[in-house]
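Asks: The structure that follows is given in the form of structure tokens.
Derivation of every value follows stated rules applied to the coordinates shown; laboratory data play no part. Please read all numbers here as calculations on a predicted model, not as lab measurements. Cβ sites come from the backbone with ideal geometry, for glycine too, and all protein chains shown count toward neighbours.
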Amino acid sequence: MDKILNNIEEVLPSDPHFPEVFLNLADKADEVKTIYCIGDIRNLNILHKKAISIVGSRNSTLYGEQMAYDLANTLSDSGWSIISGGAIGIDSWAHFGALESNIGKTVAFIAGGLKNLYPRSNIDLFARIVKSGGLIISENFNEQTNQKHLFLLRNRLIALYSQAAIVIEAAWRSGALSTAAHANRFFRPVGALPGLANCVTSAGTNELIKTNQASLVTSADDIVELASPVGQSLFTAGDDISQKILSVLPKTVFITVEKIAQKTNLSLNIIISKLARLEMSFLVETDGLGWKKANS
């Protein structure tokens, strides 16, 4: 193993470098008590501020791999951090796309401990990530073995650390779908790449789009618009959908996204995307579970 991967640091919530997006989570079950990191911990609280997660099937197709690489590469050239899970398949190609851009950084969230990096076939990739200024992160102690339930828990961190989650390919029971579910729960917009109707690895992504749990994306521009970064004037307070959402939001109590959907007849993903933009414009606020108009 590359010696650089032995430099593991423990970072507590009291540390100034601890990612602020992991603090003050509304649900106690989501609490992040400690993170373990390989890489420059000064980047921990920086790389999430302009970040896109790209996840997908381990049993990826050439189409999915090419799209993951190209989208990550283009987004990285535009200054976005690429977040994924370090797995074979789509995750790896997203990391590679970021690494081979001009300025990009990438972060891999690992399910087990950092002394049990998985998969072992990606050890060279993990070393490249760290050497390029990226990070390898886990919330589990260094010797923790890789267990199935830890991968699902890890996916909430991938969703939290990003401004938007993009699913490239996913079968019906893909773990990538749990990342999308966590992203929706944390009010992060979700995008999905459409695939052939008869392709097993696109069954999950097509269903996300069909059921309005994700927006259809086919380009880096689509993803940037979905993510709506601070400083980008994609939002206008006068657009009809935003006004519709604002019209049903109370001033004194928080209501859930599901309640907003009932009142507006809009899809959850559109509502989440618009709420993110409205929050950036200081027009709405959240308590982590619901939304209301911001105090003026």
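Asks: Quickly estimate the mean residue ellipticity at 222 nm for the chain, helices only: each DSSP H run with n ≥ 4 gives -39500 (n - 2.57), and the total goes over all residues, rounded to 500. Walk me through the numbers on the way to the answer.
Replies: Details: 10 runs with 104 residues, N = 296.
Result for the chain: -10500 deg cm²/dmol, rounded to the nearest 500.
Asks: Sorting Ile260, Ile46, Ile54 on the 10 Å Cβ count, fewest up front, what's the list? Walk me through the numbers before you get to the answer.
Replies: On the way: Ile260 21, Ile46 15, Ile54 34.
Fewest to most other Cβ atoms nearby, the residues stand as Ile46, Ile260, Ile54.
Asks: Another question, then. Do you know the relative contact order of region 82-149, to the nearest whole percent, from alpha carbon pairs under 8 angstrom that are 6+ apart?
Replies: Values: 122 pairs, mean separation 23.9, N = 68.
35 percent.
Asks: Let me know the whole percent of all Cα-Cα pairs from the chain that are separated by more than 33 Å. Mind dumping the intermediate values first?
Replies: Details: 8598 of 43660 pairs.
For the chain, the share of Cα pairs beyond 33 Å comes to 20 percent.
Asks: Let me ask you something else. Work out the FRET efficiency for Asn6 and Gln147 from their Cβ-Cβ distance, taking R0 = 35 Å, and round it to the nearest 0.05. If you can, show how the numbers build up before the last one.
Replies: Working: r = 23 Å, r/R0 = 0.65.
That gives a FRET efficiency of 0.95.
Asks: So how many Å³ per residue does the convex hull of the Cα atoms of region 240-293 work out to?
Replies: Details: hull volume 3.6 nm³, N = 54.
Taking the convex hull of the Cα positions in region 240-293, it is 67 Å³ per residue.
Asks: Can I ask one more? Below 8 Å between Cα atoms, with a sequence gap of 6+, how large is the relative contact order for the chain in percent? Numbers along the way, then the final one.
Replies: Values: 658 pairs, mean separation 45.1, N = 296.
Relative contact order, the chain: 15 percent.
Asks: Would you grab the residues whose amide H sits under 5 Å from the one on Gly191? Only those 5+ places off in sequence or on another chain, please, with H modelled 1.01 Å from N.
Replies: Those lying under 5 Å, H to H, from Gly191 are Ala165, Ile166, Val167, Ser215.
Asks: Gap in Å between the Cα centre of region 144-172 and the Cα centre of region 4-36?
Replies: First find each Cα centre; the distance between them is then 16 Å.
Asks: Residue-wise, which Karplus ³J(HN,Hα) couplings in Hz belong to region 14-19, taking 6.51 cos²θ - 1.76 cosθ + 1.60, θ = phi - 60°, and x for glycine or proline?
Replies: The phi angles translate into 6, 6, x, 8, 5, x Hz.
Asks: ³J(HN,Hα) across region 43-54 via Karplus (A = 6.51, B = -1.76, C = 1.60, θ = phi - 60°), whole Hz, x for Gly/Pro?
Replies: Couplings: 8, 4, 9, 10, 5, 7, 6, 9, 9, 10, 8, 10 Hz.
Asks: Could you tell me how many degrees, from 0 to 90 and to the nearest 10, lie between the Cα long axis of helix 148-160 and the main elongation axis, the longest principal axis, of the Cα atoms of the chain?
Replies: 60
Asks: Would you kindly derive the ³J(HN,Hα) couplings of region 163-178 from the backbone phi angles with the Karplus curve 6.51 cos²θ - 1.76 cosθ + 1.60 (θ = phi - 60°), listing them in order in whole Hz, with x for Gly and Pro?
Replies: 7, 7, 10, 10, 9, 8, 9, 7, 7, 4, 10, 5, x, 4, 5, 5
Asks: Quick one: of Lys105/Lys131; Lys259/Lys293; Lys50/Lys148; Lys50/Lys210, which pairs are farther than 21 Å apart, Cα to Cα? Don't skip to the end; give the middle numbers.
Replies: Numbers: Lys105/Lys131 10 Å; Lys259/Lys293 14 Å; Lys50/Lys148 29 Å; Lys50/Lys210 28 Å.
Too far apart for the 21 Å limit: Lys50/Lys148; Lys50/Lys210.
Asks: Whose amide H sits under 5 Å from the amide H of Trp291, counting only residues 5 or more places off or on another chain, with H placed in the peptide plane?
Replies: Ile255, Thr256
Asks: I've got another one for you. Could you give the length gained by full extension between Leu62 and Lys259, i.e. 0.36 nm per residue of separation minus their alpha carbon distance, to one decimal place? Walk me through the intermediate numbers first.
Replies: Values: separation 197, 0.36 × 197 = 70.92 nm, distance 4.04 nm.
Additional length available on full extension: 66.9 nm.
Asks: Further question on the same structure: Hey, can you grab everything whose amide H is under 5 Å from the amide H of Thr106? Only 5+ residues off in sequence or another chain; H modelled, so Pro and N-termini drop out.
Replies: Under 5 Å from the amide H of Thr106 lie the amide H atoms of Ile82, Gly134, Leu135, each far enough along the sequence or on another chain.
Asks: Right, here's the next one. Could you sort the peptides 181-190, 124-133, 162-171, 16-25 by per-residue average Cβ neighbour count (10 Å cutoff), highest mean leading? Let's see the in-between values first.
Replies: Working: 181-190: 22.4, 124-133: 18.3, 162-171: 29.3, 16-25: 15.5.
In descending order of packing, they fall as 162-171, 181-190, 124-133, 16-25.
Asks: For region 1-88, which trypsin sites (Lys or Arg not before Pro) are both in a DSSP coil and crowded by at most 14 other Cβ atoms within 10 Å?
Replies: Working: sites: Lys3, Lys28, Lys33, Arg42, Lys49, Lys50, Arg58; in loops: Lys33, Arg58.
Taking region 1-88 and a limit of 14 other Cβ atoms within 10 Å, the loop trypsin sites (Lys or Arg not before Pro) found are Lys33.
Asks: What percent do you get for the relative contact order of region 240-293 when only Cα pairs under 8 Å and 6+ apart count? Numbers along the way, then the final one.
Replies: Numbers: 59 pairs, mean separation 24.8, N = 54.
So the answer I get is 46 percent.
Asks: Can you compute the charge dipole magnitude of region 1-96 about its Cα centre, using +1 on each Lys and Arg Cβ and -1 on each Asp and Glu Cβ, nothing else charged? Give it in debye, rounded to the nearest 20. Don't skip to the end; give the middle numbers.
Replies: Working: 7 positive and 13 negative charges, 7 e Å.
About 40 debye.
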